[in-house]
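This report refers to the structure that appears directly beneath it.
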Amino acid sequence: MREEEVLVSFQTLALPQGREESSRRVNDLREIIGYEFNDPMILQQAFTHHSYEEGCSSLDRLAYIGDAILTFAVTKDQCVLYPDSDPGMLTRLRSANVDTEKLARATLKLELHEFLRHNIFLLEHQIEEFREAIAKHPLHSSGLIDAPKVLADIFEALIGAIFLDCKSSFDTTWEVVKKLLEPVITPATLPIHPVSQLQELCQSRRLSLKMRDSWKDNGVVEFVINDACVGRAEYKAKRAIAKNRAALDAYNHLKCDQILL
């Protein structure tokens, strides 16, 4: 396909600032991805959210494919890199490299969201909140941050688009995607999950830890020891995040000996 045809196919993907601006954005996207698409309409689909217009060809199916490809690719890569690691470690490592937060970080770092066609209310606000939150956790928050799912969907859809465009070549897809995922989390940089961190501390001190869960009523999760609250968090959007934040709060209090039990 000639570059003029590629440009026409991308007209609706780029911002409406004329042919010159469209051409610049097409080139920007090509440089970011590091892959030359044979069928640019697949790429356009990867950057079209179902909210854009009724009945549009959206990224959902491509994201479904991309999710499966990425999970398998990371699993295979880790088994080669870490032959002595047990399945439990590999599972935690894989999760940290393919979860919503990790993929959302990759999308934000590459600014792929700038190419998305959508009508999602307050998406820009959500992205800015996410940008501010990850500044406190340079690599990964281990479940403390609520990442916008659409950012992860973009990355997964891009993987699916590359896979289909290169005629289902797993090696070609992974060669491109692995670079986009940098920095990859390794066993040395894998953060400890807040709940696991708290449980390990309590076990070492022989403390009986319990969770008090009223999330359905008020979005609050607490951790208690001897009926004393040692950690609390409120987050109504997701129970898991409230739990993780409460665990971190409890860990920090116990670690600093700020409470008496």
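The values are calculated or read from the model by the stated rules, or taken from the named source; none is laboratory data. Here the structure is a predicted model, which means the values were calculated and not measured. Neighbour counts are summed over all protein chains in view; Cβ atoms, including those assigned to glycine, are modelled from backbone coordinates with ideal geometry. The accessibility values were calculated without ligands, DNA or RNA, using every heavy atom of the protein model including side chains. Shrake-Rupley method; radii C 1.70, N 1.55, O 1.52, S 1.80 Å.
When region 44-88 is filtered for residues that are more than 18 Å from the chain's Cα centre (by Cα) and part of a helix (DSSP H, G or I), the ones remaining, listed by number, are 44, 45, 76, 77, 78, 79, 80, 81, 87, 88.
Picking from 171, 227, 165, which residue would you name as being at pLDDT below 95 and among the charged types (D, E, K, R)?
After applying the criteria, what remains is 227.
Consider residue 246 carefully, then state whether it is at pLDDT 95 or above, in contact with a Phe, Trp or Tyr (Cβ under 8 Å, 6 or more places away or on another chain) and open to solvent by less than 50 Å² (accessible area, probe 1.4 Å). It is true that residue 246 is at pLDDT 95 or above, in contact with a Phe, Trp or Tyr (Cβ under 8 Å, 6 or more places away or on another chain) and open to solvent by less than 50 Å² (accessible area, probe 1.4 Å).
Applying the criterion of at least 1 residues that are under 17 Å from residue 72 (Cβ atoms) to the helices (runs of 4 or more DSSP H) found wholly in region 93-178 leaves 100-110, 149-165. Within region 161-188, the set of residues being surrounded by fewer than 18 Cβ atoms within 10 Å (Cβ to Cβ), among the hydroxyl-bearing types (Ser, Thr, Tyr) and under 20 Å from residue 42 (Cβ atoms) comprises 168, 169, 172. Only residues that are surrounded by fewer than 20 Cβ atoms within 10 Å (Cβ to Cβ), assigned to a strand (DSSP E or B) and not hydroxyl-bearing (Ser, Thr, Tyr) were counted across region 213-234, and they come to 8.
The set of residues in region 65-84 being buried (at least 19 other Cβ atoms within 10 Å of the Cβ) and either under 15 Å from residue 95 (Cβ atoms) or touching a Lys or Arg at 6+ places or on another chain (Cβ under 9 Å) (or both) consists of 67, 70, 73, 74, 78. For region 191-212, enumerate the residues that are open to solvent by less than 70 Å² (accessible area, probe 1.4 Å), closer than 21 Å to residue 145 by Cα and at pLDDT 95 or above. Passing the criteria: 194, 195, 196, 197, 198.
Do we have residue 238 as in contact (Cβ under 8 Å) with a residue 60 or more places away in the chain and surrounded by fewer than 17 Cβ atoms within 10 Å (Cβ to Cβ) here? In short, yes.
Taken over region 190-235, residues that are on the phi > 0 side of the Ramachandran plot and without any contact (Cβ under 8 Å) to a residue 24 or more places away in the chain amount to 3. Taking the options 250, 237, name whichever one is within 26 Å of residue 140 (Cα to Cα), under 27 Å from the mean Cα position of the chain (by Cα) and assigned to a loop (DSSP other than H, G, I, E, B). Checking each option against the conditions leaves just 237.
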